[in-house]
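The values are calculated or read from the model by the stated rules, or taken from the named source; none is laboratory data. Please read all numbers here as calculations on a predicted model, not as lab measurements. All Cβ positions, even for glycine, are placed from backbone atoms using ideal geometry, and neighbour counts span all protein chains on display.
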Amino acid sequence: MAVDLSFYKSDLSEEIRDEGRAEGAVRRAAEDILEILDVRGLDVPEAVRERASDCGDPEILRRWHRRAVTAPTAEEIFEDE
């Protein structure tokens, strides 16, 4: 019995995979920010966790990631936003 696998090679299938990869990258970026803050021993309030996790903009997450390395408090990664 032959199985039609053409969907998995289609443009729609590739688009779905690309969207999933992008969502995964954004989620991982937010997790990385929170991990940096945790490793640095900073208090990370729930509001900071939610804001980082809810952000879907990779550029903003990159800025926050850089700030997370040196910010004196978790809240200060959001300065100028």
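With the requirement that a residue be of a type in the set (D, E, K, R) and surrounded by 10 or more Cβ atoms within 10 Å (Cβ to Cβ), what does segment 25-55 give you?
Restricting attention to segment 25-55, the residues satisfying the condition of being of a type in the set (D, E, K, R) are 27-28, 31-32, 35, 38, 40, 43, 46, 49-51, 54.
Selection gives Arg27, Arg28, Glu31, Asp32, Glu35, Asp38, Arg40, Asp43, Arg49, Glu50, Arg51.
Counting only helices (runs of 4 or more DSSP H) that fall entirely inside segment 9-81 and contain at least 1 residues that are over 12 Å from the mean Cα position of the chain (by Cα) and of a type in the set (S, T, N, Q), the qualifying elements are 11-39, 58-70.
Residues checked against (1) surrounded by 12 or more Cβ atoms within 10 Å (Cβ to Cβ); (2) farther than 30 Å from Arg63 by Cβ; (3) at pLDDT below 80:
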residue: Val3; (1), (2), (3): no, yes, yes
residue: Ser6; (1), (2), (3): no, yes, yes
residue: Ser13; (1), (2), (3): yes, yes, yes
residue: Asp18; (1), (2), (3): no, no, yes
residue: Glu23; (1), (2), (3): no, no, no
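Can you report the number of residues in segment 25-72 which are among the aliphatic types (A, V, I, L, M), at pLDDT below 95 and touching an Asp or Glu at 6+ places or on another chain (Cβ under 9 Å)?
So in segment 25-72, the residues among the aliphatic types (A, V, I, L, M) come out as 25-26, 29-30, 33-34, 36-37, 39, 42, 44, 47-48, 52, 60-61, 68-69, 71.
Still in the running and at pLDDT below 95: 25-26.
Next, from what is left, pick out any that are touching an Asp or Glu at 6+ places or on another chain (Cβ under 9 Å): 26.
Selection size over segment 25-72: 1.
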